[in-house]
Each structure stands twice: as C-alpha cells, then as structure tokens.
Amino acid sequence: MASPDLKYGIETPQEWDGVGRALSVRGWCFDHAGGELKGVRIRVGETVFKASRKQTRFGVALMFPGVEAAVKSGFSVEVKLPRGKSEVVFEARTADGGWHVFAREEARVWSWWSSWGKRAPENRQMSYLQWVERYDQIDVASLQEHGFQKPPLLSIVLPVYDPPEVLLRECLESVANQIYPHWELCIADDASPAPHVRAVIEEFVGRFPGKVKVCFREENGHICEASNSALELATGDFMVLLDHDDLLSQHALYWVAREIEAHPDVVVIYSDEDKIDEAGVRQDPYFKPDWDPDLLLGQNCISHLGVFRMGNVREAGSFRSGTQGSQDWDLVLRITEQCEPTQIRHIDRILYHWRLTAGSTAMGHSEKPYTVTAGVAAVTAALERRHLQDCEVQVLSNNYLRLRYSLSEPPPRVEIIIPTRDRLDLLRRCIESIQERTEYSNYGITVVDNGSTDPATLEYLEASDAKIIRDDGPFNYSRLNNRAVRETSEDTDVVVLLNNDTEVLDGGWLREMVAQASRREIGAVGAKLLYPNGLVQHAGIFLGYQGAAGHLLHGKPDGFRDTGDSTRMVRTVSAVTAACLAVRKESYEAVGGLDEEAFSIAYNDVDFCLKLSAAGYRNL
C-alpha cells in the first residue's frame, strides 16, 4: 500500500485568536496517493473532535483535475478551545487504519474580561502584529545584492508645516535609512512658526549635502503651494509623496525602483499601507487591490505610498490651489485619466506607515472635515472632465463617496430570470419582494420551471403574471439561464440572473445595478447579499481564495469595517455570484453565456465573469 500523500486546506477560521471558545472549522483533505480516508478529526490536548466528512468541494476538484477523491474532500467540525494558548492538531485516518497529522495551528482564547476596556485595542492588533512578524521582515543584505542597470532618481516631495520635533526627525530618518540610495529629498517648509523645524531641516541638509534640497517659504500657502515649491526643487525621474510626520518602510524606494525597472513605461505606482501610533505600534493595514478606477472615485485608494512619473506630474499642472485636503486625490484623478491602465502599478507590500496623531486624517475624516468637501470637489471635477456631469456624487456615512449614475430615457428594459423547482415558499417570497419593493418599473420576470411536481407550486405558476418557461431536463443551471436569455424579447437591454431563495431588501437595488451594468466598460454587476442572520454571504469573488474562488468577507457582520470599507464601496472584482447578477444582454450573448458543458452546476458564474474580463469588461 502506498504511503499516504495528504493534500489539505483550512478554509475557516482565518484568525485563531479571539475571545470566543467555540470555533467552527471548515476545510478539505484527501489522500493524493489514492487511498480512501476513513476519518478526519481535530485534537486539542487530550480532547478529540470528530469531523463531518465527504462534503462537496468543487474548487478543490478544479485544482486537482481527475482526482475523484478531491470532489468530496470537504469537512467541518465544531471545536471548543480552552482559555489561553493551545495547539490545534488536524489528523486524518488513512486506509492503513492509522491517524496521520496533516496540519497544526496555534490558537489563543482571551478571557472575556480582558477583551473589554483599555486592553481591547491590544487584542485587536494581535493578528496584524503576528502577520508583520511572519511576513513583513526583510533581509537587507539580499536586497542590496540586486544591481540596477539604470537606477531611477526618485524625488521625495516633503511639504512641512510645524510638525512635532520627534515626529519630523523620525520622518527624515526613515528617508535616511532607505536601502535604495538613488534619491533626493525636496523639502518645502511652509513658514512654520516653531523654531525647531528649521533647525532640524538644516541639520539634515548638513548630513546629506546635495541629496537634500530645501525651500523655506516666507508665507504660509497651505499644502498645495508648499508641495509645488518642493516640486520645483526636484530633478528626479519620479515624484514620491511623503507627509512630514509619516514613515517610509526601509525598503520602500527599493521596491519602487524594482517596479520601474520591470515596467519602464509606468506612470503611477502605489503600495499597501498601514498606520502607526506615537508609540511605534503598527495597526490597521490597508491591503489594496490592483488598479480600480471605480474604487478611486469613491475613495483615494492610491494614497500612500504614491509615486508618479515626473513628466506626467508637470504636464498635469502639479497640485491645484484650492484642493487642499484632497490635493493628492485630485492629482491622481487627473494623471490616471491621461495614461493606460497598464501604466498604473500596485506593489502589494506595506511600504508606508501613516502616523496616528490627534488632528491627522489617519485618525478619521472627522479630524479634518474639510477633506470630505475637498474630496467631493475633486471627484466632481473629474466627472466634468469625463462629460459625466449628470452623475450625482453622494457622501456616505463613512465619509467615502458613492456615484449615482444616470439612466437613459426611457430606462433600459430588464428581464429578471429565476430558475426554480418546487419550493413555493422561496419562490413566492422572492417574486413578491421584487414586486412590492422594487422602485424600478421597466422590468419583467421570467421563471424557468425545472420540473416542479408540487401541486401548489404548479398552481402558483399557472396564475402568475410572470413568463413561465418549462424545462423538464436534468438540472443544468447554465442551460436553464441560457435558454431564458435566448427567449427574452428583442427590446431587452439588461438581464438579471436571480436565485429563487433571494429576497429584495432595498428598493433601489435594480436601478443601481442596471445603471452600473449599462456603462459600456462594465461586464457583470453583483450586489451585496446577506444571510437571514445579517452576515455577509457575497460581496465580490476573488480567485484562488478558499480553493478556486471565494467570497470577500464571507460570514462577517453587515457593516463590518475593514480598512477600505469593502462591503460599502463599488469595486472591481474578479467575479460576482449569479445568485444576483446583472449584465447587458448583448454582452451575455457575445461571450457565449454560461458554459453548459464544463460548468453545468457550480463555478459557471466565475467562468462567465472571467470571459467578460477577457473580452475587455470589468466586473463590479
């Protein structure tokens, strides 16, 4: 008998630290050597928890094509943890009858009393600090071995106005400590009244003659004028933005230079970022997506670290007076309008530490409320340049922005397609919620009945105002929807694929989805979906997450705030679920609809969205 070759994945939980003792664990495991597993369990000390097995994992089957055991490799188990630190051991019983360890995790349960009051922030930071310890350590010597044939000169633009001495020194030292040596620092002091500012800057100039350039402005002109004064000193190939109390990571400029080397035509570079308090504790990371023009209209997702080709900065007119509070957002919008998406590059590393101090927007927009007004002005100006003046800009309660796109007159004709089989309780609730709550009027409903036999369901369908398509063939989700789309009327502009177990909560749902789907550059549009208990079921699909693809923030409470407030922002995603998907009919047909052969039941929506992406559309 061959030795077992256990393949596995732990899907949930993603965090093993918390205050709750009960833990729901999901994952998958199978013997790639061909043996049949007889059991899966978790051991915590001497306590054993038996897993429920043979759960379907289509994503695992896609990762291991032709391996029959991968399809039913899923398991789930409820575990109770003791307080304190413990080791969670995953074991599988193989065909030889023995138990084999395939994974270990370290869990820590905090006592309930310590999760309140002043200790709570410390607990919340724990997982990120562990991430920093594990993934954000650098080997300076190995990085310095890389040789640049044509190292770009990076001009760090630093407007300064009256920062505390210790924070200014730390900011400047973060520049001095860069492992990439080809930089110049261009400082414009905006008439700071505190005497220590000039003294610290002049001291730094003395340490780095020729590399540090400074302009002491005689009058305070605010950040736009100060930034432009610093920019006048710059002679580099790229502008790097730095605030006077923030910190660059030691390898920030190195990775910027590497990105320029790899993509010589790059115009805009940005990185991930986090925040750092005055005690030096890092927290609140923002792991950003790649270039997303829709997200940029809702928030300045470029922000820190922002790097821009100098020629494009000057051509765009540098910083515009009157935009202070969102001057960098305004500049990003203008520059990205003049370059190709491939010229905008994201470095998926934490290269910038945004200082948490009283009065800083890192603490929240309430610290500087004028930044919200400035952001609205920057986005409104961008919409005017793009001839979208009739697009309404709304401020959300989180102080990010939402764009409400206009509709044609008359509004697009929509057909809502609902596959079903029996389950009248679900179907009735779905249809009635559409009819009673939907504010959009130009729509029809098509129900694809896939072999219902329940008399009450058949009676309901007979009396329904909806169009009914009867299809008694084997269940094939892709075929059912494709047939319904083919049989829509010629005047149908947008089709909406909708599961029969959904219920409309927000009356504006259809208007919003249709307005987005009607934009020529957009492919599929999805909506945030919630479970009945209020937890997030769907807020966008990511490839390679939990197998082939998974849902963003799945299982988190509605209103859960990650750094980018992802569940409240219109964003580009890899895919959206066909449980609620809007797309222009012509686009649906152009890519061949859903794949009836390879994806008859699962992952047809992911495949469909990827086909739209390959055709040049973006999914929202």
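A few remarks follow.
- Residue list for region 467-508, filter: part of a loop (DSSP other than H, G, I, E, B), free of Cβ contacts under 8 Å to residues at least 40 places away in the same chain and touching a strand residue (DSSP E or B) at 6+ places or on another chain (Cβ under 8 Å): Asp471
- Filter result (touching a residue at least 12 places away in the same chain (Cβ under 8 Å), exposed (fewer than 15 other Cβ atoms within 10 Å of the Cβ) and either part of a loop (DSSP other than H, G, I, E, B) or of a type in the set (A, V, I, L, M) (or both)) within region 54-85: Thr56, Pro82, Arg83
- Answer from Val214, Val200 - the residue that is part of a helix (DSSP H, G or I), of a type outside the set (D, E, K, R), modelled with pLDDT of 95 or more and buried (at least 18 other Cβ atoms within 10 Å of the Cβ): Val200
- A residue that is surrounded by 14 or more Cβ atoms within 10 Å (Cβ to Cβ) and part of a helix (DSSP H, G or I) can be found somewhere in region 187-197.
- If you check Ile179, Ile223, Ile138, Ile201 for being in contact with an Asp or Glu (Cβ under 7 Å, 6 or more places away or on another chain), among the aliphatic types (A, V, I, L, M) and under 29 Å from Ala279 (Cα atoms), only one passes: Ile201.
- All of Leu253, Leu296 fail the test of being open to solvent by less than 10 Å² (accessible area, probe 1.4 Å), within 24 Å of the chain's Cα centre (by Cα) and not basic (Lys, Arg), apart from Leu296.
- Of all residues in region 386-419 being among the hydrophobic types (A, V, I, L, M, F, W, C) and part of a strand (DSSP E or B), the one that is most open to solvent (accessible area, probe 1.4 Å): Val395
- The lone exception for Asp422 - which of (1) crowded, with 17+ Cβ neighbours inside 10 Å; (2) assigned to a loop (DSSP other than H, G, I, E, B); (3) within 30 Å of the chain's Cα centre (by Cα) it fails: (3)
- Identity of the residue in region 359-385, assigned to a loop (DSSP other than H, G, I, E, B) and open to solvent by 60 Å² or more (accessible area, probe 1.4 Å), that ends up modelled with the lowest pLDDT: Lys368
- When each of Glu315, Glu278 is tested for being farther than 24 Å from Arg519 by Cα, charged (D, E, K, R), out of contact with any strand residue (DSSP E or B) (no Cβ under 8 Å at 6 or more places or on another chain) and surrounded by fewer than 21 Cβ atoms within 10 Å (Cβ to Cβ), the lone residue that passes is Glu315.
- For region 261-281, the set of residues classified as modelled with pLDDT under 95 and either assigned to a loop (DSSP other than H, G, I, E, B) or of a type in the set (Phe, Trp, Tyr) (or both) consists of Asp277, Glu278, Ala279, Gly280, Val281, listed by residue number.
- Just one of the listed residues (Val485, Val504, Val494) is in contact with a Pro (Cβ under 6 Å, 6 or more places away or on another chain) and of a type outside the set (S, T, N, Q), and it is Val494.
- Within region 146-165, residues that are closer than 17 Å to Ile201 by Cβ and touching a residue at least 40 places away in the same chain (Cβ under 8 Å) have Cβ atoms under 7 Å from residues that are part of a loop (DSSP other than H, G, I, E, B) and among the charged types (D, E, K, R) in these pairs: Pro159/Asp190; Val160/Asp190; Tyr161/Asp190; Pro163/Asp245, counting only partners at least 6 apart in sequence or on another chain.
- Of all residues in region 539-549, those satisfying the criterion of being under 13 Å from the mean Cα position of the chain (by Cα) and at pLDDT 85 or above are Ala539, Gly540, Ile541, Phe542, Leu543.
- Residue pairs whose Cβ atoms lie under 7 Å apart, separated by 6 or more positions or on different chains, with the first residue in region 274-290 and under 15 Å from Gln130 (Cα atoms) and the second polar (S, T, N, Q) and not in a strand (DSSP E or B), are Val281/Gln125; Gln283/Gln125; Asp284/Thr563; Pro285/Thr563.
- Residues satisfying the stated conditions in region 526-538, i.e. assigned to a strand (DSSP E or B) and at pLDDT 90 or above: Gly526, Leu529, Leu530, Gln537, His538
- Complete set of residues in region 510-528 that are more than 27 Å from Pro341 (Cβ to Cβ) and open to solvent by 30 Å² or more (accessible area, probe 1.4 Å): Arg511
- Taken together, Leu172, Leu231 contain a single residue that is closer than 24 Å to Val313 by Cβ, touching a strand residue (DSSP E or B) at 6+ places or on another chain (Cβ under 7 Å) and touching a residue at least 24 places away in the same chain (Cβ under 8 Å), which is Leu231.
- Filter pass, Arg320 being assigned to a helix (DSSP H, G or I), touching a helix residue (DSSP H, G or I) at 6+ places or on another chain (Cβ under 9 Å) and open to solvent by 70 Å² or more (accessible area, probe 1.4 Å): no
- Tyr460 vs. criteria in contact with a strand residue (DSSP E or B) (Cβ under 9 Å, 6 or more places away or on another chain) and surrounded by 16 or more Cβ atoms within 10 Å (Cβ to Cβ): no
- Taken over region 596-620, the criterion of being assigned to a loop (DSSP other than H, G, I, E, B), within 24 Å of Gln537 (Cα to Cα) and not hydroxyl-bearing (Ser, Thr, Tyr) is satisfied by Phe599, Ile601, Ala602, Leu620.
- Members of region 473-492 found to be modelled with pLDDT of 95 or more and of a type in the set (A, V, I, L, M, F, W, C), listed by number: Leu480, Ala484, Val485
- Residues (in contact with a strand residue (DSSP E or B) (Cβ under 6 Å, 6 or more places away or on another chain) and among the β-branched types (Val, Ile, Thr)) located in region 57-75: Val60
- Here Asp284 passes the criteria (1) in a strand (DSSP E or B); (2) acidic (Asp, Glu); (3) open to solvent by less than 20 Å² (accessible area, probe 1.4 Å) except the one numbered (3).
- When we screen Glu145, Glu173 for residues that are exposed (fewer than 14 other Cβ atoms within 10 Å of the Cβ) and modelled with pLDDT under 95, the only hit is Glu145.
- Scanning region 86-107 for residues that are open to solvent by less than 70 Å² (accessible area, probe 1.4 Å) and either closer than 19 Å to Thr12 by Cα or assigned to a strand (DSSP E or B) (or both) gives Ser86, Val88, Val89, Phe90, Glu91, Ala92, His100, Val101, Phe102, Ala103, Glu105, Ala107.
- Selection from region 540-570 of residues that are closer than 28 Å to Arg519 by Cα and assigned to a strand (DSSP E or B): Ile541, Phe542, Leu543, Ala549, Gly550, His551
The values are calculated or read from the model by the stated rules, or taken from the named source; none is laboratory data. The structure displayed is predicted, hence computed values, not measured ones. With ideal geometry, Cβ positions are generated from the backbone for all residues, glycine too; neighbour counts draw on all protein chains shown. Note: accessible area is taken over every heavy atom of the protein model, side chains too, but ligands, DNA and RNA are not part of it. Shrake-Rupley method; radii C 1.70, N 1.55, O 1.52, S 1.80 Å.
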